[in-house]
Amino acid sequence: MDIQLLLVPYDSGQRGWRCGAGPEHLVRAGLPAHLQRQGHIVTAIQIIEDDPAYPPAEIRTAFELARRLATAVRSARTAGHFPLVLSGNCNTAMGTLSGLTPARRATFWFDAHGDCNTPETTTSGFLLDGMGLAMTVGLCWHHMRATVPGFQPVAAEATFLMGARDLDPPEAALLQGSAITAIPVGHIPEGLPGLLARTPLADTLGYLHLDVDVLDPAVGHANYLPAPQRPLPSPPDRRHCRSPRSGSARRRRAHLLFARRRPRSRCL
């Protein structure tokens, strides 16, 4: 597979701060060489940067990065490359998914947290870091997200939140009242094949979003937000990632990985 690495080394608008240090650290630690040993070709490593004409600001910077990432993802796919995105914040999913339109998309969101806050519900003071999934399904930031080229909300019915176990009360209420499918840790991976087989995902591009805090902190303490309560014990068996087929319909594969990791932390 021809892979193009897209690095977004930002966290809450700050370059190289906290989880924003992770993407470049992974490259320095040998990720390209590891991919090549697995039989892939790393065609390019592109760093998505903020507009230097403006000072860093969480909201402005996040949407500027999303706009630039959307363009980079679309260019990579046009060239026939697999875009692998490494980022410090989950909100870059908005840019990645925007680069996949107009195709029908499905989101498989592995995260210990819900990422379904909105500006009206958040109490953290970080305006975008806990809103990544909410933005992708069109629940907030309506005017700003319209500035991201190609943005279209992903259908809630085609959105799967996997492994979440640390939800704010407003997030839990939102998920309960939405068509998003929340899959508890205990149902991963055994319950996935049956669920996916019952879901109409034919001719769909799949976006695989991995916030590595979904892992067991005892196995891989990836960032500053570990969540206990039976986290995902080990990576899913690859058998459970196969696309079920129904007649002549098939799911198109375009999985993109999102990594959120601090350097100097233990990893798998």
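If you sort the three axes of the alpha carbon gyration tensor as a ≥ b ≥ c, you get a/c under 1.5 for the range 2-241, which makes it rounded.
Couplings 3J(HN,Hα) of the range 132-146, computed from phi: x, 5, 4, 5, 5, 9, x, 8, 7, 6, 4, 6, 5, 5, 5 Hz, in residue order, whole Hz [Karplus 6.51 cos²θ - 1.76 cosθ + 1.60, θ = phi - 60°; x for Gly and Pro]. Cα-based values for the range 17-146, radius of gyration first and Dmax second, are 15.4, 46 Å. The amide H of residue 47, built 1.01 Å from its N in the peptide plane, has 7 as neighbours under 5 Å, considering only residues 5 or more places off or on other chains. The listed peptides 19-26, 116-123, ordered by packing as a protection proxy, come out as 19-26, 116-123 (highest mean of other Cβ atoms within 10 Å first). Taking the charge dipole of the range 2-241 about its Cα centre, with +1 at Lys and Arg Cβ atoms and -1 at Asp and Glu Cβ atoms, the residue from 160, 27, 110 reaching farthest to the positive side is 27.
Our coupling estimate for the range 110-120, obtained by passing each phi through the Karplus curve with A = 6.51, B = -1.76, C = 1.60 and θ = phi - 60°, is 8, 6, 6, 10, x, 6, 10, 6, 10, x, 7 Hz, Gly and Pro reported as x. Summarising the label geometry, the points placed 7 Å from Cα in the beta-carbon direction at residue 78 and residue 187 lie 4.0 nm from one another.
With both labels modelled 7 Å from their Cα along Cα-to-Cβ, the residue 36 to residue 53 distance reads 3.8 nm.
No value in this document is a laboratory result; all are computed from the given coordinates. In this text the structure is predicted, and so the values were computed from the model without any measurement. For neighbour counting, all protein chains shown are included, and Cβ atoms are generated from backbone atoms with ideal geometry for every residue, glycine included.
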